[in-house]
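Following: one structure in structure tokens, then a few remarks.
Nothing in this text is a laboratory measurement; each read-out follows from the coordinates by a stated rule. Remember, predicted model here, so these are calculated numbers, not experimental data. When we count neighbours, we look across all protein chains shown, and the Cβ atoms used for this are built from the backbone with ideal geometry, even at glycine.
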Amino acid sequence: MPGVDGTALLAAAGLKKRFGALVVLDGVNFSVRADEAVGIVGPNGAGKTTLLSLFAGSQRPDGGRVLFRGADVTSSGAAARCRLGIARAHQVPKPFGGMTVFENVLVGASTGGGHRRRDAYRRVTEVLDLCGLTPLANRSAESLGLLHRKRLEVARALATGPQVLLLDEIGAGLTDEEAVQLVETIRELRRQGVAIVWIEHIVHVLVQVVERLVAMDSGRIIAEGDPESVMKDAAVIDAYLGTAAV
Ligand SMILES: Nc1ncnc2c1ncn2[C@@H]1O[C@H](COP(=O)(O)OP(=O)(O)OP(=O)(O)O)[C@@H](O)[C@H]1O
Ligand SMILES: [Mg+2]
């Protein structure tokens, strides 16, 4: 397909999405390689979360294609994409109600990841440990505060055994110390070979993990490349003008 990186793990080719008259994605080309971590920045309403929804299969594009390992997955649903190895942590955490933290992650490992009983339990234990949730394993998910809900969101996605993890503002509201822990967790995932696409407004946290940054505004990619040059780009500064992110 023209304009698509053939070596990409996950790619968007000319993705378009509108809600009524509002054009939210206006021909987005984006790709992440298997060994890569890419950050996405951009002002509120730029279309960042919508792009992740199209990658995860929870929404369908009005034009363009989503490719995973070169195969067209545009018409596959979210469950099928999860089984392929695409997992997502939502911007607004959505724990399963009436379940403990352990059970929430177990659903990820068994339903999403296809792990059988003993494997699933082992996977849950590993993931809870990695995400610092072991002491809360038996707590009801609904009783968690925002920080731990976000960790649970990451843990549940991770339990599915993804090849690419899509993270949506999991760092918002963290203290400096918590942000350091988060960076360590994501670095460990990279060491394990998981590709990362991470939307985050807190750029100084993001750049500790990603080697490439993509800036979006009004449904388009306005700059991409090494993080330092992207954050100095005139169009990016202009898009953020009046906000606290730069
Ligand atoms: N389901 C929907 N129906 C109608 N409009 C929507 C829907 N989802 C998103 N939008 C609109 O699309 C635009 C892009 O939204 P999106 O959530 O992708 O932005 P974002 O870059 O993630 O912003 P933020 O930084 O605030 O999370 C916004 O104007 C939003 O109001
Ligand atoms: Mg968003």
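Miscellaneous remarks
- Separation in nanometres of the label points that stand 7 Å from Cα toward Cβ, at Q192 and A80: 2.7
- Total formal charge among the other residues, if their Cβ is under 11 angstrom from that of G63, Lys/Arg +1 and Asp/Glu -1: +3
- Charging the Cβ of each Asp and Glu at -1 and of each Lys and Arg at +1, and nothing else, the dipole of segment 52-156 about its Cα centre rounds to 160 debye.
- Cβ-based net charge around G225, under 14 Å, with every Lys or Arg adding one and every Asp or Glu removing one: -4
- Global geometry of segment 111-246, whether rounded, prolate or oblate, following the gyration tensor of its Cα atoms and the 1.5 cut on a/c: prolate
- For segment 147-169, backbone nitrogen atoms closer than 18 Å to the point 7 Å from D176 Cα along Cα-to-C-beta are found at no residue.
- Comparing A46, A21, A71 in a Gaussian network model of the chain where C-alpha atoms under 10 Å apart are linked, the largest mean-square fluctuation is found at A21.
- For the chain, the Cβ-based charge dipole about the Cα centre amounts to some 1120 debye (Lys, Arg positive; Asp, Glu negative; other atoms uncharged).
- Student exercise, segment 111-218 dipole from Lys, Arg, Asp, Glu Cβ charges, in Debye to nearest 20: 700
- Annotation for segment 178-218 versus segment 60-92: alpha-carbon center distance of 20 Å.
- Rounded to the nearest 10 degrees, the angle from helix 176-191 to the longest Cα principal axis of the chain is 90 degrees.
- The Cα trace of the chain gives Rg and Dmax of 17.4, 53 Å, the first to one decimal, the second as a whole number.
- Converting phi to 3J(HN,Hα) with the Karplus coefficients 6.51, -1.76 and 1.60 and the offset θ = phi - 60°, segment 48-62 yields 5, 5, 4, 4, 5, 4, 6, 5, 6, x, 7, 9, 9, x, 8 Hz in sequence order, with x at every glycine or proline.
- Under 12 Å, Cβ to Cβ, from S53 - net charge with Lys/Arg +1 and Asp/Glu -1: +4
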